[in-house]
1. Could you give the size of the charge dipole of the stretch 251-372 about its Cα centre, using +1 on the Cβ of each K and R and -1 on the Cβ of each D and E, expressed in debye and rounded to the nearest 20?
2. Check cross-link reach from Lys308 to the aspartates and glutamates: straight Cα distance under 15 Å, and skip same-chain residues fewer than eight apart.
3. Place +1 on the Cβ of every Lys and Arg and -1 on the Cβ of every Asp and Glu in the chain, take the dipole about the Cα centre, and give the residue among Ala76, Leu15, Gly196 whose Cα lies farthest towards its positive end.
4. Translational diffusion coefficient of the stretch 1-142 at 4 °C, 1.567 mPa s, Stokes-Einstein with Kirkwood Rh over Cα pairs, in µm²/s as a whole number.
5. Starting from the Cα of Lys167, draw a straight line to each of the aspartates and glutamates and keep only those under 13 Å, dropping any in the same chain fewer than 8 residues away.
6. I need the Debye-formula profile for the stretch 251-372: one equal scatterer per C-alpha, no solvent, reported as log10 I(q)/I(0) at q = 0.12, 0.18, 0.23 1/Å, two decimals.
7. For Rg and Dmax of the Cα atoms in Å, pick the label among [x] 21.3, 63; [y] 27.4, 94; [z] 26.4, 75 that corresponds to the value derived from the coordinates.
8. To the nearest 500 deg cm²/dmol, what mean residue ellipticity at 222 nm is calculated for the chain from DSSP H runs of n ≥ 4 alone, each contributing -39,500 (n - 2.57), summed and divided by the residues?
Amino acid sequence: MNVDLGTIPESELQLVAAMIRVATVEEDRGSGVIVRNENGIRTWEVGDDELWTTVHGEAHNFEGTYNLPGRIVLGASEFAENGTSCELVVRDRMAIAQASNGATLQLAIGSKTPQVRTSDEFHPVSAEISLRDLQRAFSVATEFPLDVEDFMEIYSKPPTGHFEVSKNQLTIRRSWAYVGGLDTVVTIPARTKGTGTFYAKYYALNNLLSRTFFAGDPMVSLSFDPISGRYMDVRVDSLCAHLERYPEGAAQFYPQVISWLKENSVTYVQDSSGVIAANYDDTAVRLQLFDGTDPILRATVTVLHGVKESAKLLRELNRLNTTRVAIRVWHDNNMVVVGFDEKCEGTSNLKSMLTSITREARHLGGLLGPMYGGTPPAKAA
């Protein structure tokens, strides 16, 4: 086997080398840098599930997909300094880099079978901003709190970046509460589409932006699906990075709730704010997650529509609440509503929670309807 991967310019090698420095390339576990021919373009892929990057290089045709050791690319990048290039070939399970002055570096090809990642997520929310502006925003947002008593505590739990896209602006939020610091909020103008929020580990994106160099000041596009997307895509010039969602607080339990609903064949819809409307036992149940001292999952069901507020009704609801544990009932906008709050600790109690609240809603409808009027909701479709 003798495969010519091409004579690769310094700029392409430096960009791939920067991705190796940012992402995880575990040589001892057989991981490396994937290189392949994608529609006549030399294409590189580096990283793991948390952060994986794709770099589109120059046009060059070759056959096969190869798992190159990261050090061969780093070495080739060194060979190609000062505007030169470096030739890469694969020969008899060896990757060989040859500099223009004849120097060579040889390393065995990684043992792990190359696994090319793909993502076909639709991203309805995006923000576009110049690279320099985004780098400056991150420089400000990543400034550590001053004179923290236990400075090493900062590294015990690197804070998550909160990326919020709204009309004509991108907001980056960082919480430092865990070390007693003040939150950082940086807002910058941007060309935007849609609105929404995405949580990810800020330092992965910060490392990516600080290690890359592009001529001029190209535009950077950040895009994501705020409801169910797994990745935020960051695109600039020939680079595309996929940054995995890393939710904080109550938001981290959404995937568990959604997974449980799917596994138990419970139909549902979810809106852009994260509220889940589920059909459980022919009853419309609203599920919401709330942050607090402990994240809370709240299930609510409308008991009766068209019930006018009165002192007599409120006294009865108050009496009912004194006889219940975990379940509460209240009047809101001419509706009687029953709710169940439970601390987020997985989904092991979700079935009993939904069964309890739907049963209680039917019981309260039969009890309160003859006394205060109103109509029960139709069966959920």
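What follows draws every value from the coordinates through simple rules; no lab data is involved. Given the structure is predicted, the values throughout are model-derived calculations rather than measurements. Note that each Cβ is placed from the backbone with ideal geometry, even for glycine, and that neighbours are counted across all protein chains shown.
1. Working: 13 positive and 13 negative charges, 89 e Å.
Dipole size: approximately 420 debye.
2. The reachable aspartates and glutamates, counting only those whose Cα sits under 15 Å from Lys308, are Glu316, Asp332.
3. Gly196
4. For these conditions, the coefficient is 80 µm²/s.
5. Answer for Lys167, where 13 Å is the Cα cut-off: Glu128, listed by chain and number.
6. Values returned for q = 0.12, 0.18, 0.23 Å⁻¹ are -0.45, -0.96, -1.37.
7. Recomputing Rg and Dmax of the Cα atoms in Å here gives the entry labelled [y].
8. -7500 deg cm²/dmol
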